[in-house]
Amino acid sequence: MPQLRVGLIPVLHDNYVFVLQRDGQAAVVDPAVAEPVIAALDQQGLELVAILQTHHHSDHIGGTPGLLARWPAAAVLASLEDRARIPLQTQGVANGDRLELLGEPVEVLAVPGHTRAHIAYHLPASGHLFCGDTLFAGGCGRLFEGSAAQMRDSLQRLAALPPATRVWCAHEYTEANLRWAAATVDPQDPCAAAIGTRLAAVRQARARGEATIPSSVELELATNLFVRASSAEQLASLRASKDHWAG
């Protein structure tokens, strides 16, 4: 069987739509808009068979109607708990569910904090994680509907995945997250040097117009202050700092 391929499509200001493909079929994760996704799939001769959604925000589900107009048989996977806010879902899923997608096993993980019903999709065989707005490269999502304790538990759950797991987060926030982290971290903290090194590499990548996604679990453990937070109270303090940071 051919290897599963994963690519990204930049859309809107800083969103990414992820495209998984194998044997002429494709699945997309968090389609904010439809037109560039349709164009990309048509250009590659791919049939859309599934749409995976991590949470209900419009910049993650807004393209779904357009994609379904083009591929009406495509399945729409989303949190069963969020059926009212993601009404086009055809398959409601919950924490611990195990599915198959494009010949790959998929594990559904509940990761609340950014929203109350946020989920992530982990593909253990090929080592991919699609985590929406829970874990970002160098950061985490804002606490719109959940608590700092929930977010810390969710981040620790994702951080416990194999270190080589590729982390596909849905926004290009990496440089801003690391600039904040470099300005915030205690210079004596063991991760300070690693944050500085990563920030320099990210700046170079962005100057070349390159995406900084995917990250990895190993890299987030080494350089993400939210993942490294030792308590919910510390995470809450970090989140408040980032929310009000004007740098």
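The values are calculated or read from the model by the stated rules, or taken from the named source; none is laboratory data. Given the structure is predicted, the values throughout are model-derived calculations rather than measurements. Note that each Cβ is placed from the backbone with ideal geometry, even for glycine, and that neighbours are counted across all protein chains shown. Calculation scope for accessible area: heavy atoms of the full protein, side chains included, ligands and nucleic acids excluded. Shrake-Rupley method; radii C 1.70, N 1.55, O 1.52, S 1.80 Å.
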| Restricting the search to the range 102-136, which residues are part of a loop (DSSP other than H, G, I, E, B) and hydroxyl-bearing (Ser, Thr, Tyr)? | Thr115, Ser126, Thr134
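If a residue has to be of a type in the set (D, E, K, R) and closer than 18 Å to Arg142 by Cα to count, how many in the range 158-203 make the cut?
So the count comes out to 3.
Here is a check on your reading of the model: is Ala148 surrounded by 20 or more Cβ atoms within 10 Å (Cβ to Cβ) and more than 15 Å from the chain's Cα centre (by Cα)?
yes
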| note | Inside the range 83-102, the number of residues satisfying the requirement of being open to solvent by 80 Å² or more (accessible area, probe 1.4 Å) and at positive phi is 0
| Qualifying positions in the range 126-145 - open to solvent by 20 Å² or more (accessible area, probe 1.4 Å) and aliphatic (A, V, I, L, M) | Leu143
| request: Would you be able to tell me the number of residues in the range 178-210 that are open to solvent by 40 Å² or more (accessible area, probe 1.4 Å) and assigned to a loop (DSSP other than H, G, I, E, B)? | output: 8
| message | Cβ-Cβ distance below 7 Å, separation of 6 or more or different chains: which pairs start in the range 212-234 with a residue that is surrounded by fewer than 20 Cβ atoms within 10 Å (Cβ to Cβ) and end on one that is in a helix (DSSP H, G or I)? | response | Leu221/Ala159; Ala222/Ala194; Ala232/Ala148; Ala232/Ala149; Ala232/Arg152
| remark: By my count, helices (runs of 4 or more DSSP H) wholly in the range 1-82 with at least 1 residues that are within 20 Å of Leu129 (Cβ to Cβ) are 58-61
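Just wondering, is there one or more residues in the range 195-213 that are in contact with a strand residue (DSSP E or B) (Cβ under 8 Å, 6 or more places away or on another chain) and at negative phi?
yes
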